[in-house]
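The values are calculated or read from the model by the stated rules, or taken from the named source; none is laboratory data. What you see is a predicted model, and the numbers here were worked out from it, not measured in a lab. Reconstructed Cβ throughout: ideal geometry from the backbone, glycine too, with neighbour counts over all protein chains shown. These accessible areas exclude ligands, DNA and RNA; they are computed on the full protein's heavy atoms, side chains included. Shrake-Rupley method; radii C 1.70, N 1.55, O 1.52, S 1.80 Å.
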Amino acid sequence: MTWFIMHWRTVIPIHKSFLDFDFVALPYAIRKKDIQHVRDVLGPTGAHIQILAKVDTVETLHNFEEIIRSADGIVLNRVELSLELPAEKLMLA
């Protein structure tokens with residue numbers, strides 16, 4: 001199992017030989033279109049690659065249902081969220 005991390009704002013030209021990984025971790029995925037952008041970059045050759053959206057901002061939490069429907073999985077980043085949320089709300093996130 002191999003991982004590749006990319007930022008949704010960065011368009012990375014991906015050569016076909018680099019598509020030999022299983023997951024893409026997408027930090028700061030705020031909306032469905034961010035996840036769709038990565039799917040477009042990966043193209044049909046990378047259709048087998050699963051996209052994991054990192055939930056690490058309050059804005060991401062506001063769009064949580066949209067993100068969970070668009071991504072193949074999520075990674076909840078409580079460390080980043082703790083910078084934006086009080087401790088009592090973080091336990092509910």
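Details
- Hits in segment 53-69 (condition: open to solvent by less than 20 Å² (accessible area, probe 1.4 Å) and not in a loop (DSSP other than H, G, I, E, B)): 53, 55, 60, 67
- Within segment 74-90, considering residues that are touching a residue at least 24 places away in the same chain (Cβ under 8 Å) and either among the aliphatic types (A, V, I, L, M) or touching a Leu at 6+ places or on another chain (Cβ under 6 Å) (or both), the one farthest from residue 35 (Cα to Cα): 85
- Pairs linking a residue in segment 25-51 that is open to solvent by 40 Å² or more (accessible area, probe 1.4 Å) to a residue that is part of a helix (DSSP H, G or I), with Cβ atoms under 7 Å and 6 or more positions apart or on different chains, are 31/66; 32/66; 32/67; 32/70; 36/70; 45/16.
- Residues of segment 70-89 classified as open to solvent by 20 Å² or more (accessible area, probe 1.4 Å) and modelled with pLDDT under 85, total: 13
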